[in-house]
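Reviewing the structure listed below.
The values are calculated or read from the model by the stated rules, or taken from the named source; none is laboratory data. Just so it is clear, the model here is predicted, and its values are computed rather than measured. Neighbour counts run over all protein chains shown; Cβ positions are idealised from the backbone, glycine included.
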Amino acid sequence: MRGFRVGLDIGGTFTDFVLLNDTTGEIRLHKVLTTTPDPAEGALRGLVELCRLAGVDVGDLSTLVHGTTLVTNAIIERTGAPTALLTTRGFRDILEMGKEQRYDIYDLFLRFPPPLVPRRWRVEIDERISRDGEVLTPLDRGQVRAAARRLAAQGVASLAVSLLHAYKNPAHEQAALAAVREAVPELSVSLSSDVVPEIREWERTCTTVCNAYVQPLVDRYLGRLEAALGERGFAGRFYLMQSSGGTATPDTARRFPIRLLESGPAGGALVTAFFAERLGRRDLAAFDMGGTTAKMCLVRDGRPEIAPMIEAARVHRFKRGSGLPVKAPVVDMMEIGAGGGSVAWIDRLGLLKVGPHSAGASPGPACYGLGGAEPTVTDACLVLGYFDPEYFLGGTMPLHRRAAEEALEQVGARAGLDRVAAAWGIHQIVSENMAAAARVYMIERGQDPRRYAMLAFGGAGPAHASRVARILRLREFIVPPASGAASALGFLVTPISFDFVHSLPGPLESLDWDAVDALYRAMEGRGRAMLTDAGVDPAEVLSVRRAEMRLAGQFHDIAVPVPDGRLGAQAAPGLAERFESEYRRLYGIYLPGRQIQVLNWRVLVTGPSPGVRLAAASVDRGACAVHALRGRRPAYFPETEGFAEVPVYDRYRLRPGARLTGPAIVEEREATTVVGPGDALEVDAHHNLVVAVSQA
């Protein structure tokens with residue numbers, strides 16, 4: 001279906017919308033504050049407002065693609081359903097035992113996130129399957145029925161079933177599901193053999209528990225949202241954004257809600273790949289700074305990397321290993337800092353700090369005038385002159401400058417700073433923290449930050465991009481059209497897809513290739529059926545195969561492409577060569593003579609990319625930025641030794657070919673780009689702001 005498509009991204013502070021006219025390529029953006037108690041309320045209201053402003057009806061929409069922080073927030077805030085765990089006898093405490101590894105060996109007071117299932121609701125069942133899939137002890141279905149009734153009577157609403165070696169033989173988990181359905185039909189159930197049929201007990205069990213924990217919540221949320229959309233006349237296709245960068249139907253999202261864990265940020269990675277292609281660049285760093293957090297990911301060879309696992313609810317935001325492991329495909333990204341609503345505070349040593357606490361949408365930054373009194377990054381940008389209080393969100397949400405000044409004066413007084421020094425301190429701390437985290441993120445992946453250009457988007461990204469780029473010593477940064485809601489635009493360029501994985505471990509040279517071939521046929525068959533049900537033409541369905549391999553004795557796996565078609569022993573030499581090539585690319589060396597092992601087999605089943613056609617224009621080398629000048633206002637830069645009168649430009653009137661030199665400010669409705677002193681900006685044919693960063 002073609003016509004009008006909408007990308008809807010519910011964030012922690014703002015809900016973003018992008019309306020695309022498939023016929024003309026015109027896009028229209030809209031932003032509303034997220035309604036924290038019920039995010040769907042603000043989303044529906046904003047959708048109606050967007051359609052009214054665009055002169056279309058909700059019934060005219062052919063497609064709605066939705067990304068949400070619902071799953072992430074539920075796990076972090078512990079607002080999911082009362083959940084129990086059914087497991088093999090002897091494995092009751094796997095959620096707390098984990099790997100028995102310390103993520104910080106020098107921390108004497110090390111903490112881990114508590115399990116989502118309290119110990120009294122972790123039930124052991126008599127059954128046993130060997131690692132080869134052989135039934136050693138049959139499942140006691142009577143125990144399962146009795147446990148289900150007892151748990152339901154205690155208020156449990158959802159049940160995770162994770163039995164030993166179920167990835168090899170799911171028969172006992174499927175029998176347990178049937179027994180639970182007999183005893184308590186209304187109980188929500190997640191099987192590990194469905195959610196994540198992979199080796200490694202702790203990760204598999206934790207992922208299944210997370211899926212069960214949010215399943216009733218997502219089911220109710222989607223039910224309300226679908227009903228409300230229907231009441232407003234929507235009859236098009238409704239999809240949910242997955243963490244892996246593909247979309248899924250509501251039915252798939254209900255079965256596997258854990259796949260929505262990072263659905264919003266995934267859109268930012270996809271839109272970066274989209275603009276990288278339009279710019280003719282293979283490598284870009286995505287810098288997405290919104291109201292609550294800032295994230296970064298790398299687009300290499302035209303596509304973002306997909307990681308097989310993510311951590312949720314970390315005790316320490318930037319310490320790997322301090323969260324709950326979730327084995328689900330996710331765009332490889334990292335949270336690198338704070339957002340516009342992050343709160344500034346003074347620690348016990350009298351030092352100025354920013355975040356991790358955020359004012360969110362309610363009460364919000366002090367300048368929102370909604371009851372917030374604590375100073376935030378947005379308040380600092382307002383006092384520094386970067387934001388126009390009368391043009392925030394295109395003038396639909398005026399900011400209160402005096403409230404921001406009072407909040408900054410209060411925090412500054414505790415550190416011996418006036419309000420301007422406090423504001424600049426907040427801006428500089430946030431920029432330095434983000435640049436430091438971004439440098440570590442890129443170097444850990446073997447990349448030199450200096451060879452990358454940065455695509456800056458999100459409501460706060462363009463305002464901080466120049467300072468972050470200077471610290472990282474990047475040559476340039478780029479602000480795309482629709483930068484303030486770019487993640488929502490990314491939702492519209494992604495195909496319907498689903499990523500399947502199954503463990504079938506063994507040495508590469510002695511694998512049971514008939515079993516591998518049968519496994520791929522089964523996974524691809526399930527995927528094709530899911531996409532066909534979602535409305536994809538079977539002739540347009542594609543499959544991309546990968547295998548996760550490693551050298552014997554090593555812990556980390558490497559994803560290697562697997563050829564299509566029937567597999568046999570003749571595939572082994574080619575896979576070995578691909579593994580060695582990828583190993584050398586990642587680590588610079590290879591260890592010949594070691595046995596190669598395969599752990600997991602993956603397949604991505606995907607439909608065609610829906611595509612977005614944005615209008616381009618010829619570059620006029622004589623275009624003048626003066627025609628876009630809106631006025632001048634004082635803005636603070638240390639290079640100018642304080643406030644200086646800087647020109648303010650209207651982005652919508654900057655024509656391709658127009659050039660300007662910083663310091664300057666470029667305003668659009670949903671974002672503001674700060675061009676630092678000495679930076680040189682040029683508008684390209686696709687209306688991107690391409691800024692060469694001064695390193696003076």
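Computed values, structure above
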| quantity | calculated |
| --- | --- |
| Test: residue in region 524-534 that is over 18 Å from Pro197 (Cβ atoms) and part of a loop (DSSP other than H, G, I, E, B) | yes |
| Residue count for region 66-78, restricted to those that are among the β-branched types (Val, Ile, Thr) and under 13 Å from Thr36 (Cα atoms) | 2 |
| Criterion (in contact (Cβ under 8 Å) with a residue 12 or more places away in the chain and in contact with a Cys (Cβ under 7 Å, 6 or more places away or on another chain)) met by exactly one of Ala482, Ala534, Ala463 | Ala463 |
| Qualifying positions in region 566-610 - in a strand (DSSP E or B) and among the hydrophobic types (A, V, I, L, M, F, W, C) | Ile596, Val598, Leu599, Trp601, Val603, Leu604, Val605 |
| When residues of region 531-557 are limited to those that are in contact with a helix residue (DSSP H, G or I) (Cβ under 6 Å, 6 or more places away or on another chain) and surrounded by 19 or more Cβ atoms within 10 Å (Cβ to Cβ), the one farthest from Gln595 (Cα to Cα) | Val541 |
| Count of region 105-151 residues which are surrounded by 14 or more Cβ atoms within 10 Å (Cβ to Cβ) and small (Gly, Ala, Ser) | 3 |
| So Ser543, is it within 24 Å of Ala273 (Cβ to Cβ), outside any strand (DSSP E or B) and among the polar types (S, T, N, Q) | no |
| Close pairs (6 angstrom Cβ cut-off, 6 or more residues apart or separate chains): closer than 20 Å to Asp512 by Cα and in contact (Cβ under 8 Å) with a residue 40 or more places away in the chain in region 579-600, in a helix (DSSP H, G or I) and among the small types (Gly, Ala, Ser) anywhere | Ile596/Ala576 |
| The one condition in (1) surrounded by fewer than 19 Cβ atoms within 10 Å (Cβ to Cβ); (2) in contact with a strand residue (DSSP E or B) (Cβ under 9 Å, 6 or more places away or on another chain) that Ala628 fails to fulfil | (1) |
| In region 476-517, the residues that are of a type in the set (S, T, N, Q) and either in a strand (DSSP E or B) or within 16 Å of the chain's Cα centre (by Cα) (or both) | Ser487, Thr494, Ser497, Ser503 |
| Ala547 vs. criteria of a type in the set (A, V, I, L, M), in contact with a Leu (Cβ under 7 Å, 6 or more places away or on another chain) and within 30 Å of Trp424 (Cα to Cα) | no |
| Qualifying helices (runs of 4 or more DSSP H) (wholly inside region 1-104; at least 1 residues being of a type in the set (Val, Ile, Thr), touching a residue at least 40 places away in the same chain (Cβ under 8 Å) and surrounded by 15 or more Cβ atoms within 10 Å (Cβ to Cβ)) | 70-77, 94-97 |
| Complete set of residues in region 338-369 that are on the phi < 0 side of the Ramachandran plot, surrounded by fewer than 22 Cβ atoms within 10 Å (Cβ to Cβ) and not in a strand (DSSP E or B) | Asp347, Arg348, Leu349, Leu351, Ser362, Pro363 |
| Criterion: crowded, with 22+ Cβ neighbours inside 10 Å, part of a helix (DSSP H, G or I), within 30 Å of the chain's Cα centre (by Cα) and small (Gly, Ala, Ser) - qualifying residue of Ala176, Ala160, Ala228, Ala212 | Ala212 |
| Number of the condition not met by Gly574 [criteria: (1) within 31 Å of the chain's Cα centre (by Cα); (2) of a type in the set (Gly, Ala, Ser); (3) surrounded by fewer than 17 Cβ atoms within 10 Å (Cβ to Cβ)] | (1) |
| Residue check, Ala404 among the small types (Gly, Ala, Ser) and over 26 Å from Glu668 (Cβ atoms) | no |
| Single residue of region 671-696 satisfying the filter (among the aliphatic types (A, V, I, L, M) and outside any strand (DSSP E or B)) that is modelled with the lowest pLDDT | Ala696 |
| Members of region 179-191 found to be more than 20 Å from Arg92 (Cα to Cα), within 34 Å of the chain's Cα centre (by Cα) and of a type in the set (A, V, I, L, M, F, W, C), listed by number | Leu187 |
| Positions within region 163-173 being surrounded by fewer than 24 Cβ atoms within 10 Å (Cβ to Cβ) and either charged (D, E, K, R) or not in a loop (DSSP other than H, G, I, E, B) (or both), in sequence order | Lys168, Ala171 |
| Number of the exception - Gly280 against (1) surrounded by fewer than 24 Cβ atoms within 10 Å (Cβ to Cβ); (2) among the small types (Gly, Ala, Ser); (3) touching a Pro at 6+ places or on another chain (Cβ under 8 Å) | (3) |
